[in-house]
Amino acid sequence: MADETAKEKISGQNGFKEYNDGYVFTAPVAQFEPNDFGLHDMSGNVCEWCQDVRHENYKGAPKDGSAWTAEGDQKSRVVRGGSWNDLDNSCRVANRTYPNADIRLSFIGFRLAR
């Protein structure tokens with residue numbers, strides 16, 4: 001869910017009351033304190049586009065943490081977490097959606113890891 005900054009700039013936008021990070025949409029990376037694991041931007045900035053394809057459940061998922069790209073719905077990808085565009089109950093890392101693989105939206109991004 002957007003904050004007061006977006007509410008000021010976008011007509012009809014609802015937002016978290018009394019919260020204003022100064023960014024209308026996504027904030028630049030690492031602008032806020034990391035979570036307890038030292039990770040920045042895990043929820044509320046953009047949803048995370050994953051390599052995994054959609055499966056009905058986790059039965060048969062790789063146990064080593066690698067992407068699950070075999071079988072499943074090859075036209076859909078897993079998107080995790082919540083963004084500035086979601087309701088507050090969706091802004092959690094356990095949230096999952098499954099858009100078409102060719103969709104592009106301003107509130108879906110990806111994480112580079114090293």
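Couple of notes before you dig in:
- Considering residues of the stretch 85-98 that are part of a loop (DSSP other than H, G, I, E, B), at pLDDT below 90 and not hydrophobic (A, V, I, L, M, F, W, C) only, the residue nearest to THR26 (Cα to Cα): ASN85
- Verdict on ALA27 being aliphatic (A, V, I, L, M), in a loop (DSSP other than H, G, I, E, B) and buried (at least 17 other Cβ atoms within 10 Å of the Cβ): yes
- SER90 surrounded by 11 or more Cβ atoms within 10 Å (Cβ to Cβ), at negative phi and among the polar types (S, T, N, Q): yes
- Residue in the stretch 107-114 that is part of a strand (DSSP E or B), crowded, with 16+ Cβ neighbours inside 10 Å and not aliphatic (A, V, I, L, M) present: yes
- Here is the figure for the stretch 31-84: residues that are part of a loop (DSSP other than H, G, I, E, B), charged (D, E, K, R) and surrounded by fewer than 13 Cβ atoms within 10 Å (Cβ to Cβ) total 7.
The values are calculated or read from the model by the stated rules, or taken from the named source; none is laboratory data. Just so you know, these numbers come straight off a predicted model, no measurement behind them. Glycine also receives a Cβ, built like all others from the backbone with ideal geometry; neighbour counts cover every protein chain displayed.
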